[in-house]
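What follows is a single structure, written as structure tokens, with notes after it.
The values are calculated or read from the model by the stated rules, or taken from the named source; none is laboratory data. These numbers come from a predicted model, not from an experiment. For neighbour counting, all protein chains shown are included, and Cβ atoms are generated from backbone atoms with ideal geometry for every residue, glycine included.
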Amino acid sequence: MTERLPLSVAIISFNEETNIGRCLEAIGDLAAEIVVVDSHSTDRTVEIARDFGARVIAEDWKGHVGQKNSALEKCSCEWILSIDCDEVVSPELKESIRQAVAQGAAKGYRLNRKTFFLGRWIEHAWYPDWKVRLIRNGAGRWSGFDPHDRLTVAGTAVKLEGDLYHYSFKDLRDCLERTIRYAANEAGSYAREGRRASLVNLLVNPLHGFFKHYVIKRGFLDGLHGFVISVLNGIYVFMKYALLWEMQREQGKKTFE
């Protein structure tokens, strides 16, 4: 039996019974500790997590950033791997993590996330997608705007070989619903930071969002999947600023100057 690493896996969850088992199975023989901060799931999420030996802590939802930092704080091992319930460590990435922890050459490491969308792996529009996910305990914190959180570390984060598989959306309707919900969350974060929407944001930024994924990231090579992803990204950007504009109107602020 392969020896487990001085590694904690930090996960947040809410009604993830369809995903969490696949996630934990991939790292079950890798980590000495699994910490799951659950937001009062009503399905079998907690039961499944405990079946894999996870320590489950129930907490009220504090937003993506707050919840993930709470999970980090509960980890006791020298290293922490922070992943989501719909992510799976590939065999190649698992070996890279073993080597990184054994060598301990950096305080943080980037993992390349690869997304499965509408029946196929996306090779361009959402890939490569490098995320800091492996850190030395105490060397990093989650920050950013909900739901677009990011794990940051002091210094350069080294890239690891192998993919972090991301099983993102059930279907197109699920993707669109989450696109709108996430846009609302980020608009709220922008409003709390005092950001303002402008006509330029509503006209230009959505086009740039589409162009970035379809042309710059070569989403056109993903065929119709890449086109749909690029359109959805444009919708996301438009809705984010439209909702921010609506919030400003409700607060009686002048929007366009």
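Filtered by the rule that a residue be in a loop (DSSP other than H, G, I, E, B) and either assigned by TED's automatic domain parsing to the domain that holds Y127 or surrounded by fewer than 18 Cβ atoms within 10 Å (Cβ to Cβ) (or both), region 206-220 gives a lone residue, R218. Among the residues of region 1-51, those that are crowded, with 17+ Cβ neighbours inside 10 Å, in contact with a Ser or Thr (Cβ under 9 Å, 6 or more places away or on another chain) and without any contact (Cβ under 8 Å) to a residue 60 or more places away in the chain comprise E17, A31, E33, I34, V35, V36, V37, D38, S41, T45, V46, A49. The residue that is surrounded by the fewest Cβ atoms within 10 Å (Cβ to Cβ), counting only those in region 151-205 that are in the same structural domain as R136 (by TED's automatic domain parsing) and of a type in the set (V, I, T), is T156. Scanning region 175-226 for residues that are modelled with pLDDT under 95, among the basic types (K, R) and within 20 Å of the chain's Cα centre (by Cα) yields R178, R181.
Looking only at region 166-189, decide whether some residue is under 30 Å from P91 (Cα atoms), among the aromatic types (F, W, Y), touching a residue at least 60 places away in the same chain (Cβ under 8 Å) and not in a helix (DSSP H, G or I). Yes, some residue in region 166-189 is under 30 Å from P91 (Cα atoms), among the aromatic types (F, W, Y), touching a residue at least 60 places away in the same chain (Cβ under 8 Å) and not in a helix (DSSP H, G or I). When we screen S8, S70, S76 for residues that are farther than 20 Å from Y167 by Cα, of a type outside the set (A, V, I, L, M, F, W, C) and in a helix (DSSP H, G or I), the only hit is S70.
Note on region 73-94: residues that are in contact (Cβ under 8 Å) with a residue 60 or more places away in the chain, exposed (fewer than 15 other Cβ atoms within 10 Å of the Cβ) and more than 13 Å from L7 (Cβ to Cβ) amount to 2.
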